[in-house]
Amino acid sequence: MIFGMKRLLPFVLLLLCITPFLLTLESTATEPNDARVRDQYEGNLGENRVGITIIHKGIEIHGGHYFYQKYLKDIPLTGTVDGSNVTLREPNGTFHLHFVGNGSERGEHLNFENSIGMAGNWTSANGRRNYPVSLKGKFEVADNGRRYAQVTNDSDAAFENRVQTCFRAIIAGDKTTTVRLISYPLTANLPSGKSKIFKNSEQVLSTWTNIFTPGLIAKLRKDLPHDMFVHNGMAMLGDGEAWFDAKGLAALNFPPARAKSASSSESQ
């Protein structure tokens, strides 16, 4: 997959339609079968959005962490796999989960490779609180160093801080901060397959409501600006709603349901 002369041409829209775990084909194709990998999940713990990273080698869990969207702070995990059941322990409670499939496993035991997510519950250490958990598998990458080494020379923490600052500014409607954290020219990919290029902050500000539409904001509110997938030197937020390079926000992809609203930016 090559972006061509323009950054993130409409092929990205096709990427949004692909089952998230297909992203593992590229990221792990050259890794030996006994290599440690990081599986990334996102979903809900009770009413809270969460992300989980599990480091494993085959079915043996070597550690990991999870975080809440509202805090974005890693909570360490240890765990074990017993058949299709996964137990993850953290300082304040335990996840009792099982792998979830889509039928393609054809009777085989589900595992990290042939499942599409996990479900179950989380129970507090004192047993007084119990919440349902539903997780979707997002991607798998090799456990071989800095997550964003292909994107930037900065530390992972420094890069994510910029992404998170931009993310929060967009949600809050903070135009000044947002335009400062854009990597120009900004590419906006429309559901029609066409792209709109914004060369500078003045162009973004002049058509702000046509860029940051209600549909796009609604999608972003569910996203997790931490432990992001990396492809072709950029980090992906959510299912591809936003892509970040070393300098900042580089591309946006409008949700198909908002095609009519987004398309109006073409004429501006």
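Observations
- Neighbours by Cβ (under 6 Å, 6+ apart or cross-chain): first from the range 107-119, touching a residue at least 40 places away in the same chain (Cβ under 8 Å); second among the acidic types (Asp, Glu): 112/39
- Search result, residues across the range 158-169 that are under 16 Å from the mean Cα position of the chain (by Cα) and not β-branched (Val, Ile, Thr): 159, 160, 161, 162, 164, 166, 167, 168
- Candidate set from the range 213-259 (those that are under 9 Å from the mean Cα position of the chain (by Cα) and among the acidic types (Asp, Glu)); member that is surrounded by the most Cβ atoms within 10 Å (Cβ to Cβ): 227
- Residue list for the range 37-73, restricted to those being outside any strand (DSSP E or B), touching a residue at least 24 places away in the same chain (Cβ under 8 Å) and under 17 Å from the mean Cα position of the chain (by Cα): 69, 72
- The range 135-162 residues that are over 30 Å from residue 86 (Cα atoms), paired with ones that are charged (D, E, K, R) and not in a helix (DSSP H, G or I) (beta carbon under 7 Å, 6 or more apart): 151/245
FYI, it's all coordinate maths here, none of it is from the lab. Since the structure is predicted, the reported quantities are computational estimates derived from the model, not experimental observations. So basically every Cβ, Gly included, is an ideal-geometry build from the backbone, and we count neighbours across all protein chains shown.
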